[in-house]
Structures are given as C-alpha cells and as structure tokens.
Amino acid sequence: MCWECDHPESTHQDYLDHMQGFIDRFGWAVVGIEDDQVHPPWAYTLGLTPRGRPELVVTGMPLPRATWLLNAVARYVVDTAVPRPGEEVLMEDGPLMEVVRVAEPSAHLFTAVEFYGEGIQALQLAWADERGHWPWDAGFRGHQGGQPVLGLRAASRTGVA
C-alpha cells in the first residue's frame with residue numbers, strides 16, 4: 001500500500017513532510033509505486049537533485065529489491081561518481097544494469113517534481129534478467145508488464161560499481 005493509503009487521516013503535505021524527514025535523516029529517500037495489475041512497479045530516489053546529482057529510477061522490479069538497488073547505487077552516486085548513459089554497471093549482489101537517461105522525468109517522478117520542479121534530471125537503471133536479456137531484447141523475462149524503458153539508449157560503455 002502507499003503511504004497516503006496507510007495514513008488516510010493524513011494530508012498530502014504530511015506525506016511530503018514524511019519524505020523530507022527521510023531525506024534529512026539519510027540524504028535521500030526512495031519513492032515506490034506498487035504494481036497495479038496493469039502497470040509494473042517502479043521506484044525512484046528523492047533527494048539527489050539538491051546534491052547536483054540526477055535522481056535514479058528502476059522499473060519492473062519488486063519494490064523491496066528496487067529499494068535496495070536504488071539505495072546502493074545512490075550511495076555510489078553521492079560518494080563516487082554518476083554513471084553515464086550507456087554505461088553498463090555490475091554491482092556485487094545486484095543485476096547487470098545499463099544506464100539510460102530518462103527522457104521526461106516529470107512524467108514519472110511525480111514527488112521529485114513537487115520537491116524540485118519540472119527541470120529535474122533522472123537516470124534509469126535498466127536491468128538484465130537472469131539469462132542476461134535486456135528489456136529491449138526478445139525473450140526478456142521480467143516482471144509481469146515488463147520493464148518500461150523511459151528514454152533512448154546510448155552507446156554502451158562498461159563499468160563496475
């Protein structure tokens with residue numbers, strides 16, 4: 001369930017304040033959108049923009065796993081470097097990912113837009129399935145509803161996080 005659904009007596013501003021509390025305490029937060037039986041789940045960071053970093057997005061991955069992945073990559077982005085579009089990233093205990101620049105972040109990162117405005121930047125962490133197939137490959141096996149890719153792919157580069 002969503003936070004606002006779990007707190008029906010609260011206002012939307014209460015939710016925004018709750019998220020700001022996470023950002024103040026941890027440096028960023030993760031916003032998760034549940035699978036609605038039509039659209040796959042997706043999750044994104046909230047709080048990297050004020051640090052001069054793009055927000056991060058994962059689609060088509062169960063929310064607990066997406067939250068773990070986004071927290072791990074956000075830590076790397078804050079402490080080390082921002083991966084570039086087209087870069088392939090392999091994390092310890094994580095999937096192989098390719099970085100994709102999100103074409104229209106304001107169409108997907110609703111809470112980030114409320115916090116920072118429509119000019120936000122975002123990178124998607126597109127992930128390969130257990131057989132190494134990408135969401136743009138025939139035979140990709142991911143979450144029901146697939147893994148929507150929110151931008152155009154760049155030329156691949158290899159990296160390790």
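The values are calculated or read from the model by the stated rules, or taken from the named source; none is laboratory data. None of the values given here were measured: they were computed from a predicted structure. Note that we place each Cβ from the backbone using ideal geometry, even for glycine, and neighbour counts take in every protein chain shown.
What number of residues within region 21-38 are free of Cβ contacts under 8 Å to residues at least 40 places away in the same chain and outside any loop (DSSP other than H, G, I, E, B)? Total satisfying the criteria: 9. Which pairs have Cβ atoms under 6 Å, sit 6 or more apart or on different chains, and link a residue in region 39-58 that is on the phi > 0 side of the Ramachandran plot and at pLDDT 95 or above to one that is aliphatic (A, V, I, L, M) and assigned to a strand (DSSP E or B)? Qualifying pairs under 6 Å: GLY47/ALA29. If ALA74 satisfies all but one of (1) at pLDDT below 95; (2) farther than 13 Å from GLY151 by Cβ; (3) hydrophobic (A, V, I, L, M, F, W, C), what's the number of the condition it fails? That leaves (1) as the condition not met.
For region 86-143, filtering for residues that are in contact with a Leu (Cβ under 8 Å, 6 or more places away or on another chain), surrounded by 17 or more Cβ atoms within 10 Å (Cβ to Cβ), aliphatic (A, V, I, L, M) and assigned to a strand (DSSP E or B) leaves 7. If we scan region 32-52, do we find a residue that is more than 12 Å from the chain's Cα centre (by Cα) and among the aromatic types (Phe, Trp, Tyr)? Looking through region 32-52, none of the residues is more than 12 Å from the chain's Cα centre (by Cα) and among the aromatic types (Phe, Trp, Tyr). Cβ-Cβ distances below 6 Å connect the following pairs, each with a first residue in region 106-135 that is within 14 Å of VAL149 (Cβ to Cβ), a second residue that is exposed (fewer than 14 other Cβ atoms within 10 Å of the Cβ) and charged (D, E, K, R), and a separation of six or more residues or different chains: ASP129/ARG141. Reported count of residues in region 39-51, each being within 16 Å of PRO105 (Cα to Cα) and in a helix (DSSP H, G or I), is 2.
Scanning region 52-85 for residues that are assigned to a loop (DSSP other than H, G, I, E, B), of a type in the set (A, V, I, L, M) and crowded, with 22+ Cβ neighbours inside 10 Å returns a single hit, MET61.
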